1. Mind listing whichever residues of the range 38-87 are touching a residue at least 12 places away in the same chain (Cβ under 8 Å), over 17 Å from R103 (Cα atoms), among the aliphatic types (A, V, I, L, M) and assigned to a helix (DSSP H, G or I)?
2. How many residues does the range 1-32 hold that are modelled with pLDDT under 95, open to solvent by 90 Å² or more (accessible area, probe 1.4 Å) and not hydroxyl-bearing (S, T, Y)?
3. Does R65 satisfy the condition of being touching a helix residue (DSSP H, G or I) at 6+ places or on another chain (Cβ under 7 Å), open to solvent by 80 Å² or more (accessible area, probe 1.4 Å) and closer than 30 Å to R138 by Cβ?
4. Do the conditions hold for L92, that is, is it under 23 Å from L140 (Cα atoms) and surrounded by 16 or more Cβ atoms within 10 Å (Cβ to Cβ)?
5. Looking at the range 103-125, can you tell me whether even one residue there is farther than 18 Å from T62 by Cα, out of contact with any helix residue (DSSP H, G or I) (no Cβ under 9 Å at 6 or more places or on another chain) and open to solvent by less than 60 Å² (accessible area, probe 1.4 Å)?
6. Suppose we filter the range 141-160 for residues that are open to solvent by 70 Å² or more (accessible area, probe 1.4 Å) and within 19 Å of the chain's Cα centre (by Cα); how many remain?
7. If you scan the range 89-121, which residues turn out to be in contact with a Pro (Cβ under 8 Å, 6 or more places away or on another chain), in a helix (DSSP H, G or I) and closer than 15 Å to A66 by Cβ?
8. When you check L35 against the structure, is it open to solvent by less than 70 Å² (accessible area, probe 1.4 Å), part of a helix (DSSP H, G or I) and either modelled with pLDDT of 95 or more or out of contact with any Asp or Glu (no Cβ under 7 Å at 6 or more places or on another chain) (or both), yes or no?
Amino acid sequence: MTESDGVDEILRQWQRDRPDLDTSPIGVIGRISRLARQIEDRLEPVYAASGLEPGWYDVLATLRRAGPPFQLRPTDFASALMLTTSGTTKRLDRLESAGHITRHPDPDDRRGVLITLTDSGRELIDNATARHMANEHRLLGGLTQADRHQLADLLRKLTNTLSAAE
């Protein structure tokens with residue numbers, strides 16, 4: 001048995017006061033919610049130390065993962081980053097001002113724009129990603145490789161279940 005945590009206390013309180021309810025989902029949802037906040041708190045300092053402003057990592061990493069020529073349309077970002085188009089535009093404006101991306105007309109769509117990662121943006125995201133991966137390995141240090149695979153499989157299953165329900 002693993003060590004008790006704050007969610008266990010919440011579950012005990014509900015069991016005491018409302019034994020008629022099945023509160024077991026709190027064991028999963030409560031922990032996922034708490035972990036999301038804790039993980040975010042531990043990711044942001046590494047991004048900042050790498051020279052990234054809040055929200056930049058996802059944009060630059062999305063462009064980097066696109067492969068050569070490292071370009072995408074704005075709508076590709078909105079869906080990949082789960083942001084509104086105005087939220088995406090604000091991030092792109094700041095990245096362009098910093099010289100990490102460029103925007104130019106899409107030759108295949110005269111109304112469209114292509115966002116391209118610059119050399120400085122690629123260098124920035126490559127360095128930041130090396131630090132980011134080291135940080136994520138550190139964050140998962142309490143789990144064995146088998147634990148990580150099992151957790152990843154279960155989270156994928158939950159994600160797919162939620163996506164299918166929409």
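The values are calculated or read from the model by the stated rules, or taken from the named source; none is laboratory data. All values reported here derive from a predicted model rather than from experimental measurement. Cβ atoms come from the backbone with ideal geometry, glycine included; neighbour counts cover every protein chain shown. Keep in mind that these areas ignore ligands, DNA and RNA; they rest on the heavy atoms of the full protein, side chains included. Shrake-Rupley method; radii C 1.70, N 1.55, O 1.52, S 1.80 Å.
1. The answer is I39, L43, V46, A49, A80, L81.
2. 2
3. So R65 does not fit the description; no.
4. Considered against the rule, which asks whether it is under 23 Å from L140 (Cα atoms) and surrounded by 16 or more Cβ atoms within 10 Å (Cβ to Cβ), L92 comes out as no.
5. Within the range 103-125 (the criterion being farther than 18 Å from T62 by Cα, out of contact with any helix residue (DSSP H, G or I) (no Cβ under 9 Å at 6 or more places or on another chain) and open to solvent by less than 60 Å² (accessible area, probe 1.4 Å)), the answer is yes, since at least one residue qualifies.
6. 9
7. The answer is L92, and nothing else.
8. It is false that L35 is open to solvent by less than 70 Å² (accessible area, probe 1.4 Å), part of a helix (DSSP H, G or I) and either modelled with pLDDT of 95 or more or out of contact with any Asp or Glu (no Cβ under 7 Å at 6 or more places or on another chain) (or both).
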